[in-house]
1. Somewhere in segment 45-61, is a residue modelled with pLDDT of 95 or more, open to solvent by 20 Å² or more (accessible area, probe 1.4 Å), within 7 Å of the ligand (Cβ to nearest atom) and farther than 26 Å from Leu169 by Cβ?
2. Output the number of the condition that Val177 fails; it satisfies all remaining conditions of (1) buried (at least 16 other Cβ atoms within 10 Å of the Cβ); (2) touching a residue at least 24 places away in the same chain (Cβ under 8 Å); (3) within 16 Å of the ligand (Cβ to nearest atom); (4) not small (Gly, Ala, Ser).
3. Filter segment 122-151 down to the residues that are modelled with pLDDT of 95 or more, β-branched (Val, Ile, Thr) and either open to solvent by 70 Å² or more (accessible area, probe 1.4 Å) or not in a strand (DSSP E or B) (or both) and list them by number.
4. Taking the criterion of being part of a loop (DSSP other than H, G, I, E, B), over 14 Å from Leu97 (Cβ atoms) and within 10 Å of the ligand (Cβ to nearest atom), would at least one residue in segment 24-32 satisfy it?
5. Tell me, which residue of segment 152-174 that is open to solvent by less than 20 Å² (accessible area, probe 1.4 Å) and farther than 20 Å from Gly119 by Cα is nearest to the ligand (Cβ to nearest atom)?
6. Taking segment 180-223 as the search range and keeping residues that are hydroxyl-bearing (Ser, Thr, Tyr) and farther than 27 Å from Asn127 by Cβ, which one is most open to solvent (accessible area, probe 1.4 Å)?
7. Listed residues Leu97, Leu169; which is farther than 24 Å from Arg253 by Cα and at pLDDT 95 or above?
8. Which of (1) without any contact (Cβ under 8 Å) to a residue 60 or more places away in the chain; (2) near the ligand (Cβ under 9 Å from one of its atoms); (3) crowded, with 20+ Cβ neighbours inside 10 Å is the odd one out, the single condition Asn68 does not satisfy?
Amino acid sequence: MRLLITGATGLVGSRLVEQCLANGHQVHYLSTRSSQLDRFEKAQGFMWNPLEGTIDINCFEGVDTVINLAGSSISKPWTKKNRKLILESRIKSLETLRKGIQSLDNHSIKSFLTASAIGIYKEDYNNKLKEVNTEVADDFLGSVVHAWEQEANLFTELGLDPIILRIGLVLSSQGGVLPSLLAPIKASVGVVFGNGDQWQSWIHIDDLVQIILFLSQKNERGIFNAVAPNPVRQKELVRSIAKALNKKIILFRMPKLIVKLLFGERSGLLINSHCISASKIKKTDYQYSFATLGQALDHIVS
Ligand SMILES: NC(=O)c1ccc[n+]([C@@H]2O[C@H](COP(=O)([O-])OP(=O)(O)OC[C@H]3O[C@@H](n4cnc5c(N)ncnc54)[C@H](OP(=O)(O)O)[C@@H]3O)[C@@H](O)[C@H]2O)c1
């Protein structure tokens, strides 16, 4: 396989590149930063600037699989400027890729997969949310992810029906949410936001990377939730991390009102409840390496 990966320098992308190279695949990747073009010894980097609509079309040479993970981080404060960047970086990345492919006389691309996020779902305490659920969260994140998926669907015009991966909370020792949760727990303090009963739908980064490769190679199409089959409530997440670290903790509850005052609309990332179903992925016969939180945390923490 020869893959073209965007967002390859990020948390998920860099793990994906390593895995592709270890599997003997060839990797092309796009970066907005010239300093990153030599980042991977055995992968070939190309420049693009989605906000300006520019792309080095040599990146498509011999590529059969395109994986799109690009997007400005949502973890920084949601100022007006950052909100624009969070939305536009995602929409324009897809648009620049699509127009790049459209401009080629011919190409060898057979499979196209793009990241999406479980933030598209309206929060729900009682039901497992499946891909067929069409209700979109009526907040900033919901509108961003909805627009992102609509843009991805335009790839059907190229004959490339997309695989859309609604990714949950990615667990990794290298970044994302886990390192910030580990720090206070190491000091014997556990913090939950609100009552801590909200569902958290997580996935180990290695399972996410394997799912990306599995679905691309199987030539699947359509929307898939990329989450482990065993979501947990937030207080269980914190207690499980403490257990994996072998730490006794005092659990503090930060009232919802305080979370909202501190984080504004971004508080939704901490207090919204999403119990996401993994049944569609399981039906593809994908075998999880880390199906339970205990397995995932033992692996990451060790
Ligand atoms: N991590 C999670 O828990 C999670 C959960 C749900 C969904 N997702 C989605 O999955 C994807 C990968 O996540 P991640 O955690 O690996 O993200 P990440 O670490 O923030 O990396 C994203 C990559 O996007 C590129 N990027 C940043 N700003 C850009 C811009 N303005 N235009 C084009 N590219 C830009 C960067 O690559 P260059 O600087 O090299 O261009 C960066 O390495 C993201 O789209 C994210 O929204 C992640």
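The values are calculated or read from the model by the stated rules, or taken from the named source; none is laboratory data. Note that the structure is predicted; figures quoted are calculated from it, not measured. Every residue, glycine among them, receives a Cβ derived from its backbone with ideal geometry; neighbour counts consider all protein chains shown. Heads up: the accessible areas ignore ligands, DNA and RNA and are worked out on the full protein's heavy atoms, side chains in. Shrake-Rupley method; radii C 1.70, N 1.55, O 1.52, S 1.80 Å.
1. Scanning segment 45-61 turns up at least one residue that is modelled with pLDDT of 95 or more, open to solvent by 20 Å² or more (accessible area, probe 1.4 Å), within 7 Å of the ligand (Cβ to nearest atom) and farther than 26 Å from Leu169 by Cβ.
2. Result: Val177 fails condition (2) only.
3. Correct list: Val132, Val144, Val145.
4. Initial filter on segment 24-32 (part of a loop (DSSP other than H, G, I, E, B)): 24-25, 32.
Filter again for over 14 Å from Leu97 (Cβ atoms), leaving 24-25.
Subsequent filtering for residues that are within 10 Å of the ligand (Cβ to nearest atom) retains none.
Taking every residue of segment 24-32 in turn, none turns out to be part of a loop (DSSP other than H, G, I, E, B), over 14 Å from Leu97 (Cβ atoms) and within 10 Å of the ligand (Cβ to nearest atom).
5. Selected residue: Phe155.
6. Narrowing segment 180-223 to residues hydroxyl-bearing (Ser, Thr, Tyr): 180, 188, 201, 216.
Now restrict to residues that are farther than 27 Å from Asn127 by Cβ: 180, 188, 216.
Numbers: Ser180: 79, Ser188: 40, Ser216: 5 Å².
Looking at the filtered set, the residue picked out is Ser180.
7. Values: Leu169 fails: farther than 24 Å from Arg253 by Cα.
Exactly one of Leu97, Leu169 is farther than 24 Å from Arg253 by Cα and at pLDDT 95 or above, namely Leu97.
8. All conditions are met except number (1).
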